[in-house]
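Structure, as structure tokens:
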Amino acid sequence: MKRTAFNEIHKNLGGKLVEFAGYEMPIEYSGIKDEHMTVRQTVGVFDVSHMGEFWVKGPNALDLVNKITSNDPRNLKPGHAQYSCFPNGEGGIVDDLLVYHYEPEKYMLVVNASNIDKDWDWIVSQNDVGAELENASDNISQLAIQGPKATETLQKLTNINLSEIKFYTFTTGKFAGVSDVIISATGYTGAGGFELYFRNDVAEKIWKAIFEAGAEFGIKPIGLAARDTLRLEMGYCLYGNDIDDTTSPIEAGLGWITKFNHERSFVDREFLMMQKKEGVTRRLRGFILLERGIPRHDYELLNSEGSVIGNVTSGTMSPVLGKGIGMGYVAKEYSAFGTQIYVKIRNKTIPAEIVKLPFI
């Protein structure tokens, strides 16, 4: 099992460590609900150093990124980031990712931990334009500092005006006395905040500085379980649950990151264009349970006659709403907001309503 640069810290703090995507990672510390509400109300810190980082460099870097991603990276200025996905050539998704335009002729692709090797092999196989590739995943640590007090906490540690870093932009500079730290605002919780990317050898120094700066706000370390409930309240997709090699970005409601403008050529363009024009037979939708219960991954979704119309891809008890919430693919006839469906939970069928995302 791989370990991040924060592994000893997690153990000393009493974090419950589990195997996740080949890494020993903290799933929780003080409890999922407590950690979840800490991020919604004050500030929490996630170790997300298991994520993968690839550099794409050289005069042909943009050509490769444009070919392999669904969004249009030609619109990105240096200092800007975008959410995107890798279409897999068969109508599905290799992975979802963030594309950072770091500087002219240099891009950083941030991918899911569970897909690092798969994504790397895919990018290499598609690189027929001679772009320079570097897998820096093992050399970069990443922390996500999220919550309404994140800016106040981090501002103590840098001269960079953090309030000027707008959503989906980033800057590189000095933080906690460390140079060349990437400070980004892409967020996966909907609670505001930043992600920091830096060298492994300064990881403990940066962690310590952040926790000292956030002490007055009751800053806490947050595990991956609360990260999952936080992203689900926002209706953000999780690879392996809500999207995978069998789901298209159009079905998943990711048409907004699938750009056909300027006749750009990219993997699966024709197929995805056809889906956009002709429609799809199923859609990823959010739903709220109307009675007590917790929807779980792979539970069946039913219509009023008891026929299967889809399945749950993600589900939890929302700590903010106090209700069971979930996402799942449903047949398009049942995808209109306000439609009543049913979730099969063991031997019961619990009524639920299709709702517009996010949940909160």
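The values are calculated or read from the model by the stated rules, or taken from the named source; none is laboratory data. Every value quoted in this text rests on a predicted model; they were computed, and no experiment measured them. Every residue, glycine as well, gets a Cβ built from its backbone with ideal geometry; the counts of neighbours run over all protein chains shown.
Data table
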| item | result |
| --- | --- |
| Elements of type strands (runs of 3 or more DSSP E) contained in the range 16-65, each with 3 or more residues being assigned by TED's automatic domain parsing to the domain that holds Ala144 and surrounded by fewer than 22 Cβ atoms within 10 Å (Cβ to Cβ) | 16-20, 23-28, 52-57 |
| Strands (runs of 3 or more DSSP E) wholly inside the range 195-305 containing at least 1 residues that are surrounded by 15 or more Cβ atoms within 10 Å (Cβ to Cβ) and within 22 Å of the chain's Cα centre (by Cα) | 220-222, 282-289 |
| Hits in the range 66-86 - residues which are more than 25 Å from Asp117 (Cβ to Cβ) and in a loop (DSSP other than H, G, I, E, B) | Asp72, Leu76, Lys77, Pro78, Gly79 |
| Filter result for the condition that a residue is crowded, with 19+ Cβ neighbours inside 10 Å and in contact with a strand residue (DSSP E or B) (Cβ under 7 Å, 6 or more places away or on another chain), over Val124, Val110 | Val110 |
| Tally of residues being part of a helix (DSSP H, G or I) and within 18 Å of Ser179 (Cβ to Cβ) across the range 156-168 | 1 |
| Scope the range 2-16; condition out of contact with any Ser or Thr (no Cβ under 7 Å at 6 or more places or on another chain) and within 22 Å of Asp117 (Cβ to Cβ); matching residues | Lys2, Arg3, Asn7 |
| Test: residue in the range 173-180 that is among the acidic types (Asp, Glu), closer than 20 Å to Gly79 by Cα and part of a strand (DSSP E or B) | yes |
| Close pairs (6 angstrom Cβ cut-off, 6 or more residues apart or separate chains): among the acidic types (Asp, Glu) in the range 335-350, surrounded by 11 or more Cβ atoms within 10 Å (Cβ to Cβ) anywhere | none |
| Cβ pairs under 6 Å, 6+ apart, first in the range 283-295 and basic (Lys, Arg), second in a loop (DSSP other than H, G, I, E, B) and surrounded by fewer than 20 Cβ atoms within 10 Å (Cβ to Cβ) | Arg283/Ser335; Arg285/Ser335 |
| Residue match in the range 68-82 (condition: in the same structural domain as Asp242 (by TED's automatic domain parsing), touching a residue at least 12 places away in the same chain (Cβ under 8 Å) and in contact with a Gly (Cβ under 8 Å, 6 or more places away or on another chain)) | no |
| Flag for Tyr188 being part of a loop (DSSP other than H, G, I, E, B) and either touching a residue at least 24 places away in the same chain (Cβ under 8 Å) or buried (at least 19 other Cβ atoms within 10 Å of the Cβ) (or both) | yes |
| Qualifying position, being surrounded by fewer than 17 Cβ atoms within 10 Å (Cβ to Cβ) and either more than 22 Å from the chain's Cα centre (by Cα) or not assigned by TED's automatic domain parsing to the domain that holds Pro78 (or both), among Lys156, Lys166 | Lys156 |
| Which listed residue, of Leu238, Leu272, Leu230, is in contact with a His (Cβ under 8 Å, 6 or more places away or on another chain) and aliphatic (A, V, I, L, M) | Leu230 |
| Search result, residues across the range 70-87 that are crowded, with 22+ Cβ neighbours inside 10 Å and either in contact with a Pro (Cβ under 8 Å, 6 or more places away or on another chain) or of a type in the set (Asp, Glu) (or both) | Ser70, Ser84, Cys85, Pro87 |
| Among the residues listed as Ser114, Ser30, Ser70, the single one being modelled with pLDDT of 95 or more and either touching a Cys at 6+ places or on another chain (Cβ under 8 Å) or aromatic (Phe, Trp, Tyr) (or both) | Ser70 |
| Index of the failed condition, Tyr100 passing every other in (1) aromatic (Phe, Trp, Tyr); (2) within 14 Å of Phe170 (Cα to Cα); (3) assigned to a helix (DSSP H, G or I) | (3) |
| Gly315 assigned to a strand (DSSP E or B), under 15 Å from Thr247 (Cα atoms) and modelled with pLDDT of 95 or more | no |
| Qualifying position, being in contact (Cβ under 8 Å) with a residue 40 or more places away in the chain, more than 24 Å from His36 (Cα to Cα) and in contact with a Phe, Trp or Tyr (Cβ under 8 Å, 6 or more places away or on another chain), among Asn135, Asn127, Asn200 | Asn135 |
